[in-house]
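Novice: To start, I am sharing the structure in question, which I have written as structure tokens.
No value in this document is a laboratory result; all are computed from the given coordinates. As the structure is a computational prediction, the values presented were derived from the model and not from experiment. Cβ placement follows ideal geometry from the backbone for every residue including glycine, while neighbour counts extend to all protein chains displayed.
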């Protein structure tokens, strides 16, 4: 594929298309990286995690949590796969890292095949721009 070269004003420096693309990319990235995320609200994050886990334990779906007020975007592959949450234990207050709170949780699950398993997982909980509870992948 050939790129059209636009004529430049006399005496103006000329950029090759590849170099121009790199300059535009660098300018775009510089503009995007200038904003910092809001720090996590740890109290609100712990409340969102508790609401999410209690919802799962009581038979709610991630879609139901998202349509509730306040809306929580929740993701856990075991939950989506049909596992039932039998019990959970939150281990500590979690560790705030910029816009997220990393919280270790011990889960007791009843899998779709009926087998009960225990898992130690970490949830990444965000409070801005929206509430989110996502299980970290190991």
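Novice: Please order 123, 88, 130 by the number of other Cβ within 10 Å, starting at the fewest. Walk me through the numbers before you get to the answer.
Specialist: Details: 123 26, 88 18, 130 12.
The fewest-first ordering by Cβ neighbours comes to 130, 88, 123.
Novice: Sort 44, 135, 36 so the one with the fewest other Cβ atoms within 10 Å of its own Cβ comes first.
Specialist: By the 10 Å Cβ count, ascending, the order reads 36, 44, 135.
Novice: If neighbour count is taken as other Cβ atoms inside 10 Å, put 51, 108, 43 in order from fewest to most. List each step's numbers first, then the result.
Specialist: Numbers: 51 18, 108 15, 43 11.
Arranged by neighbour count, lowest to highest, 51, 108, 43 become 43, 108, 51.
Novice: Normalised by the residues of region 42-135, what does the relative contact order come to in percent, with Cα pairs under 8 Å and at least six apart?
Specialist: With pairs under 8 Å counted, the relative contact order is 29 percent.
Novice: Gain in length, residue 68 to residue 84, computed as 0.36 nm per residue apart minus the alpha-carbon separation, to one decimal in nm?
Specialist: Answer, rounded to one decimal: 3.7 nm.
Novice: If you wrap a convex hull around the alpha carbons of region 64-114, what volume per residue comes out, as a whole number of Å³?
Specialist: Normalising the Cα hull of region 64-114 by residue number yields 104 Å³.
Novice: Need one word for region 42-135: rounded, prolate or oblate. Basis is the Cα gyration tensor (sqrt eigenvalues a ≥ b ≥ c); a/c below 1.5 gives rounded, then a/b vs b/c decides.
Specialist: Oblate, because a/c is 1.5 or more while a/b does not exceed b/c.
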